[in-house]
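The values are calculated or read from the model by the stated rules, or taken from the named source; none is laboratory data. Treat the numbers as computed from the prediction; the structure is a model and nothing was measured. Note that we place each Cβ from the backbone using ideal geometry, even for glycine, and neighbour counts take in every protein chain shown. Only protein heavy atoms, including side chains, enter the accessible area calculation; ligands, DNA and RNA are left aside. Shrake-Rupley method; radii C 1.70, N 1.55, O 1.52, S 1.80 Å.
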Amino acid sequence: MTTARAHTNIALLKYWGKKNTELILPYNDSISLTLDHFYTDTTVDFVSSLTDDEILVDDQPLTGSGLKRAKRVLNLIREQSGIQENASVHSTNHVPTTAGLASSASAFAALAAAGSKAAGLDLSDKELSILARHGSGSASRSIFGGFVQWHTGHDSQSSYAQSIQSAVDWDINLITALVDTKKKKVSSTMGMQAVVKTSPFFPAWVKSAQADVEPMKTAILNKNLANLGTIAENNAMRMHATTFGAVPNFTYFQPQTLAILDAVRNIRKLGVECYSTVDAGPNVKIICASSNNELIMDKLATIINRNQLLVCKPGPGIKYL
């Protein structure tokens, strides 16, 4: 029996669209920052008396596509280890599920780590990243702490994440504005599929996103918050533009989302370095230095309650508990 903890991550350069849905290969590289505030703890034990995998998330049986993806990861573990037993999986999410906060990233990274260790495998971080990717693309990045790059690759073994800067020793954090933590009307998977098939903006998005990779890595290594934030904000807005071009069109933005995005731009005009990014959901993450947290949250308090603002710092990679 093994318990692993994985933290969620926020993509500074977004993963949006699969060129291979079976292997979960993205169209472009992505770059993320692992966060300290949100995480998943998962315990896995392979038990001979079980007639099927038993998978509980927050004490509730996993169903639907989540169950299918979890079984895919467990089957790969059984295939690599040679064991035959079914798995008992108990997972606790310290993340609002399906609300655009990448709960699937921490969930499947923790499952891959705990499951492989429980099966007697001693996988490298790269191998864990490949395994986690089969559950959720963004989970490949949550194996690592700090800043992480996921390589698009051309097959299963070449699509993996690796660390850019695991120990983040400079002043950068995120203020997460929890606009809405209810289940999204359009899941990330459904949204990606619609955009890839129908949005005329999607090819331009892929080209633009791949062009952002090297400038973003340079900004990280130079500890340049302004360049990092500018690239991340533009990348996020271009990703969301693809949803407006889909048929039928849709958006993850809510009125409060737009108000916060506008407020961040106005705060920046005052000379405060702060930048927005938004994943597939209504919640806004503000990239800034911790020295500006109080000022920014005071300004945002006219739009959203202070108890809906959470400060996240760079977080660690996989831990075994």
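Between N234 and D58, the FRET efficiency from the beta-carbon distance, with R0 = 45 Å, is close to 0.80.
When the chain is treated as a Gaussian network with alpha carbon springs shorter than 10 Å, the biggest mean-square fluctuation among A226, A105, A11 belongs to A226. Candidate cross-link partners of K182 among the lysines, defined by an alpha-carbon separation under 20 Å and a same-chain spacing of 8 or more, comprise K285. Summary value for the chain: 25 percent relative contact order, contacts being C-alpha pairs under 8 angstrom separated by 6+ residues.
Of the heavy-atom accessible surface of the range 186-291 (probe 1.4 angstrom), what whole percent is carbon and sulfur?
Numbers: 2700 of 4590 Å².
Its accessible area is 59 percent carbon and sulfur atoms.
Length gained on full extension, N20 to Q162: 49.1 nm, using 0.36 nm per residue less the C-alpha separation.
Roll a 1.4 Å probe over the protein chains and send me the accessible area per residue for the chain in Å². Walk me through the numbers on the way to the answer.
Values: 13290 Å² over 321 residues.
Heavy-atom SASA per residue in the chain reads 41 Å².
Checking a compactness column here: for the chain, what do you get for Rg(Cα) / (2.2 N^0.38 Å), N being the number of residues? Provide the component values of the computation, followed by the final result.
Working: Rg = 19.0 Å, N = 321, 2.2 N^0.38 = 19.7 Å.
With N residues counted in the chain, Rg over 2.2 N^0.38 Å equals 0.96.
What do the square roots of 5 times the Cα gyration tensor eigenvalues come to for the range 259-321, in whole Å, largest first, as semi-axes of the equivalent ellipsoid? Provide the component values of the computation, followed by the final result.
On the way: eigenvalues 107, 38, 29 Å².
Value: 23, 14, 12 Å, ordered largest first.
Label separation (W170 vs T51): 5.9 nm, computed from points 7 Å beyond Cα along the C-beta direction. Of L74, L12, L310, which is the most mobile in a GNM of the chain whose springs link Cα atoms less than 10 angstrom apart? Per the Cα network of the chain with a 10 Å cutoff, L310 tops the list. Mean-square fluctuations from a GNM of the chain, with a 10 angstrom spring cutoff on Cα atoms, peak among I296, I130, I83 at I83. Summing Cβ point charges (Lys, Arg +1; Asp, Glu -1) relative to the Cα centre of the chain gives a dipole of roughly 880 debye. Taking every DSSP helix (H) stretch of at least 4 residues in the chain, weighting each as -39,500 (n - 2.57) and dividing the sum by the residue count yields a mean residue ellipticity at 222 nm of -11500 deg cm²/dmol. The overall shape of the range 16-99 is oblate: from the C-alpha gyration tensor, with semi-axes ordered a ≥ b ≥ c, the ratio a/c is 1.5 or greater and a/b is no larger than b/c. Straight-line cross-link reach from K299 at under 16 Å between alpha-carbon atoms covers these aspartates and glutamates, not counting any fewer than eight positions away in the same chain: D262, E273. Taking a ≥ b ≥ c as the square roots of the eigenvalues of the Cα gyration tensor, the range 41-168 is classed as oblate, since a/c reaches at least 1.5 and a/b does not exceed b/c. Shown is the FRET efficiency for S290 and D155, computed with R0 = 45 Å from the Cβ-Cβ distance and rounded to the nearest 0.05: 0.65.
The Cα atoms of the range 209-321 give a gyration tensor whose axes a ≥ b ≥ c have a/c under 1.5, which makes the shape rounded. Think of it this way: in the chain, C312 stand alone, with no other Cys Cβ under 4.7 Å.
Counting Lys and Arg as +1 and Asp and Glu as -1, what is the net charge of the other residues whose Cβ lies under 10 Å from the Cβ of C312? Please list the in-between numbers first.
Working: positive: K285, K313; negative: D36.
Around C312, the charge tally is +1.
In this rough spin-label picture, where each label sits 7 Å from Cα along the Cβ direction, the S65-D125 distance is 2.9 nm. Span-like helix check, the chain: qualifying full DSSP H segments, with Cα axial length of 20 Å or more and mean Kyte-Doolittle of 0.0 or more, are 103-118, 225-244.
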